[in-house]
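S.K.: Sharing a structure, written as structure tokens. Questions coming.
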Amino acid sequence: MSRTPLHAEVITTAPASAEEAVALLRQRGSRATPSRRFLLEALYATDQHLTADELAAGVHERSPEVHLSTIYRNLDELQRLGLVTHTHLGHGPVTYQLASHAHAHLICNTCGHRVEAPDGLFVELEARALTDHGFRVDPHHLAVFGTCADCQSG
Ligand SMILES: [Zn+2]
Ligand SMILES: [Zn+2]
Ligand SMILES: [Zn+2]
């Protein structure tokens, strides 16, 4: 007799709102504290990549007493649950976004111009890394640096 495996309950579509994300936290046995809810609201309110300090500013508009250490712990937990990912956009602090908003970047070393890179750009790299090295590439984690078209011609 076959039974539905527990992990079948894991939803594959990303929550569409902070409320849905809070419901998902509860569903997965994670605590839906007010500070986590405010953090999710700050993440859902933007399509930018925000540092922990910037997210803290958003949370503090709602609840000034939340410590930065709590925000880091909550970011770790939301990443563990797969709701949030972080991206390194250069030498500065790590930035965070909803996992559903993650994408790759091309950044110009000269002028700092940053463009969103389509996933298709990495198809060959991903395939070769997997076939030749058994390695799964995450092109969203680190930006690709170089020189933009304008800076090359200037
Ligand atoms: Zn990292
Ligand atoms: Zn440039
Ligand atoms: Zn971006």
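S.K.: Going by the structure shown, is V84 closer than 24 Å to A18 by Cβ and either buried (at least 16 other Cβ atoms within 10 Å of the Cβ) or modelled with pLDDT under 95 (or both)?
M.R.: In short, yes.
S.K.: Scan H133, H113 and give me the residue that is surrounded by 12 or more Cβ atoms within 10 Å (Cβ to Cβ) and away from ligand 1 (no atom under 16 Å from the Cβ).
M.R.: When all the criteria are applied, what remains is H113.
S.K.: Go through (1) exposed (fewer than 11 other Cβ atoms within 10 Å of the Cβ); (2) within 16 Å of ligand 2 (Cβ to nearest atom); (3) modelled with pLDDT under 95 and name the single condition G90 misses.
M.R.: All conditions are met except number (1).
S.K.: Just one of G82, G134, G92, G112 is assigned by TED's automatic domain parsing to the domain that holds Q48 and on the phi > 0 side of the Ramachandran plot; which is it?
M.R.: From the options G82, G134, G92, G112, the qualifying one is G82.
S.K.: For region 84-106, how many residues are more than 9 Å from ligand 3 (Cβ to nearest atom), part of a helix (DSSP H, G or I) and over 20 Å from R73 (Cα atoms)?
M.R.: Selection size over region 84-106: 1.
S.K.: Among the residues of region 67-76, are any among the hydroxyl-bearing types (S, T, Y), away from ligand 1 (no atom under 16 Å from the Cβ) and under 29 Å from F38 (Cβ atoms)?
M.R.: Yes, some residue in region 67-76 is among the hydroxyl-bearing types (S, T, Y), away from ligand 1 (no atom under 16 Å from the Cβ) and under 29 Å from F38 (Cβ atoms).
The values are calculated or read from the model by the stated rules, or taken from the named source; none is laboratory data. It should be emphasised that the depicted structure is a prediction, and the values quoted were computed from it without experimental measurement. FYI the Cβ positions are ideal-geometry reconstructions off the backbone, even for glycines, and counts take in every protein chain you see.
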